[in-house]
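Have a look at the structure below before the remarks.
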Amino acid sequence: MFSLDEFVFYPGYGVCIVESISAQKIGSSELSFYNIRVMENNAKIMVPVKNTLEVGLRLLIKEDEIQKVFDVLEEKCVKRPFARKESWNKRFNGYNLKLCSSCLFEVAEVLRDLYILKREKELSFAEKKMFEKAKHLIIKELSTVMNRPETFVEEKIKKIFAGQSQQIAN
């Protein structure tokens, strides 16, 4: 169960805050809802308490997991072989499943794989949007957990990718 004013991650939307827990009568039964606000755009979402697992609502990662996210970004090989061989729409579908999951490590895989692909060829419009969304989701969650500005996390990610580019050039 989540508490009031607790930060949570909602797949596809990113970092949210639990503003209240309410009960509403629907038909003959009464359901409890988390009333959350998306930090990015102040959108409000009601999530049935009993459906939190199904929708992927989760607490933000712990501080000791931050390095694991950076480790995923630093991996040099693409785990999914379709990333280079398949058409952009097949890649898009595979990556979209990861982006909509509640696992930040999978979101980091999408960002890393698309960055590697971006070095080899131009990304499609949809892939570019996906790249930016993955980057944003990671930056927002890590900066919230680290209590640091988003620019700090973005710079760390840029350094990781710059290091990968230099290693490939050598």
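Among the listed pairs Lys44/Lys135; Lys50/Lys135; Lys50/Lys76; Lys129/Lys159; Lys90/Lys135, which have their C-alpha atoms separated by more than 32 angstrom in this model?
Lys50/Lys76
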Computed Rg/Rh of the stretch 7-59, alpha carbon atoms with Kirkwood Rh = 0.99
Kindly give Rg over Rh for the chain, based on alpha-carbon atoms, with the Kirkwood expression for the hydrodynamic radius.
-> 1.03
Aspartates and glutamates with Cα under 19 Å of Lys133, excluding same-chain neighbours fewer than 8 positions away = Glu40, Glu74, Glu106, Glu109, Asp113, Glu122, Glu141, Glu150, Glu154, Glu155
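A short reminder: the numbers here are calculations on the coordinates, not readings from a lab. These numbers come from a predicted model, not from an experiment.
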